[in-house]
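The values are calculated or read from the model by the stated rules, or taken from the named source; none is laboratory data. Nothing here was measured: the structure is a model prediction, and the numbers come from that model. We place every Cβ from the backbone using ideal geometry, glycine too, and count neighbours over all the protein chains shown. Keep in mind that these areas ignore ligands, DNA and RNA; they rest on the heavy atoms of the full protein, side chains included. Shrake-Rupley method; radii C 1.70, N 1.55, O 1.52, S 1.80 Å.
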Amino acid sequence: MAILEVEHIQKSFDRTEVLKDISFSLEEGQVVSIIGSSGSGKTTLLRCLNFLEKPDKGIIRVKGETLFDADDPSTCQESGIRKKRLHFGLVFQNFNLFPQYTALENVMLAKELLAKEQPDYKSRKKEIHEEIESLAVDLLTQMGLSDRMSNYPHQLSGGQCQRVAIARALALQPDILCFDEPTSALDPELTGEVLKVIKELADKKTTMIIVTHEMAFARDVANQVIFMDDGHILEQGDPIEVMEHPKEERTRQFLSRFNQE
């Protein structure tokens, strides 16, 4: 059974249709890369999956549970959104780290806030803090940042900041990790270090959705590629088939720009 099922998602801002009948599924341990021109709806789709935007129509299921159904008011209540977001970890383009916190504190923060809501938090405060800190240290070590844990964001390179952001998303142990153009804010020489981390996560069978303009990376890492154009999924399937033998003219036009670079 698919870990994620997206059915007929639609989203408009005022009179502008941004997502038009989006449907796809994702198996556990697989990676889907979403490609397409700027303005095609890729980021809005991720924001809908993370409940940062509310779809106008459609259904979102994770592990068979209906998290959102536009026709079922019980799934659309604001009070349940934070819990639903825990299914998804989102890594933004521009890091979004808190400048007043160290790398370690940034990774720990969300987990600690959630822990404070546990009924046994006061009686186990020290133990819980140590558990969260141990997890954060482990994640930052995996990101190659064991010597940067006490650094503040302004003391880190862009690539290091993005790796902290990845560790922060992983700390909540989401079912699905989402990336929104994770290298677009990086200098070319720093892009490789972030892509290497994402590739290692893919090798560990981390379920991921990656919006990217890194075409070679999308082809080599993904199990499925989705090409979006003007709010539609125009083409989707095996990376080699979509990217080397596209069926749609718009897909060919988009990919040809990268092949010429």
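Leu86 versus (1) open to solvent by 40 Å² or more (accessible area, probe 1.4 Å); (2) touching a residue at least 24 places away in the same chain (Cβ under 8 Å); (3) out of contact with any Leu (no Cβ under 7 Å at 6 or more places or on another chain); (4) hydrophobic (A, V, I, L, M, F, W, C): which is the lone unmet condition? Here Leu86 meets the rest and fails (3).
Conditions (1) under 19 Å from the mean Cα position of the chain (by Cα); (2) not hydrophobic (A, V, I, L, M, F, W, C), marked per residue:
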| residue | (1), (2) |
| --- | --- |
| Leu45 | yes, no |
| Lys54 | yes, yes |
| Ala70 | no, no |
| Gln77 | no, yes |
| Ala103 | no, no |
| Gln118 | no, yes |
| Met143 | yes, no |
| Ser146 | no, yes |
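All of Ile9, Ile22, Ile35 fail the test of being of a type outside the set (S, T, N, Q), modelled with pLDDT of 95 or more, in contact with a Phe, Trp or Tyr (Cβ under 8 Å, 6 or more places away or on another chain) and closer than 25 Å to Glu249 by Cα, apart from Ile35. Within region 141-148, is even one residue closer than 14 Å to Leu170 by Cα and in a helix (DSSP H, G or I)? Yes, region 141-148 has at least one match.
Would you kindly identify the helices (runs of 4 or more DSSP H) lying entirely within region 183-261 that contain at least 2 residues that are surrounded by fewer than 21 Cβ atoms within 10 Å (Cβ to Cβ) and over 22 Å from the mean Cα position of the chain (by Cα)?
On the way: elements: 188-203, 215-221, 239-244, 249-259.
It comes to 239-244, 249-259.
Out of Tyr152, Tyr121, one residue alone is open to solvent by 50 Å² or more (accessible area, probe 1.4 Å), farther than 25 Å from Met208 by Cβ and among the aromatic types (Phe, Trp, Tyr). It is Tyr152. Contact map, region 120-132: residues that are touching a residue at least 12 places away in the same chain (Cβ under 8 Å) paired with residues that are among the basic types (Lys, Arg) and surrounded by 10 or more Cβ atoms within 10 Å (Cβ to Cβ), Cβ distance under 8 Å, separation 6+ or inter-chain. Pairs shown: Ile132/Lys111. Taken together, the criteria exclude Glu5 from residues that are touching a residue at least 60 places away in the same chain (Cβ under 8 Å), among the charged types (D, E, K, R) and open to solvent by 30 Å² or more (accessible area, probe 1.4 Å). Look at region 189-218: where a residue is closer than 17 Å to Gln173 by Cβ and of a type outside the set (A, V, I, L, M) and a partner is open to solvent by less than 20 Å² (accessible area, probe 1.4 Å) and at pLDDT 95 or above, sitting 6+ places away or on another chain with Cβ atoms under 6 Å, you get Lys205/Gly29; Thr206/Leu177; Thr207/Ile3; Thr207/Gly29; Thr207/Ile176. Of the residues screened, Glu78 is not one that is charged (D, E, K, R) and at pLDDT 95 or above.
Residue count for region 69-83, restricted to those that are surrounded by 13 or more Cβ atoms within 10 Å (Cβ to Cβ) and either within 23 Å of Thr206 (Cα to Cα) or among the aliphatic types (A, V, I, L, M) (or both): 2. Within region 13-58, the residues that satisfy the criterion of being hydroxyl-bearing (Ser, Thr, Tyr), open to solvent by less than 80 Å² (accessible area, probe 1.4 Å) and out of contact with any Gly (no Cβ under 9 Å at 6 or more places or on another chain) are Ser25, Ser33, Ser37, Thr43.
For Met143, the criteria (1) in contact with a His (Cβ under 6 Å, 6 or more places away or on another chain); (2) open to solvent by less than 20 Å² (accessible area, probe 1.4 Å) hold in every case but one, which is (1).
Count of region 201-219 residues, restricted to those that are of a type outside the set (S, T, N, Q) and in contact with a Gly (Cβ under 7 Å, 6 or more places away or on another chain), is 1.
Working carefully through the options Arg163, Arg168, find the one that is closer than 30 Å to Ser25 by Cβ, in contact (Cβ under 8 Å) with a residue 40 or more places away in the chain, outside any loop (DSSP other than H, G, I, E, B) and open to solvent by 20 Å² or more (accessible area, probe 1.4 Å).
Numbers: Arg163 fails: in contact (Cβ under 8 Å) with a residue 40 or more places away in the chain.
The unique qualifying residue is Arg168.
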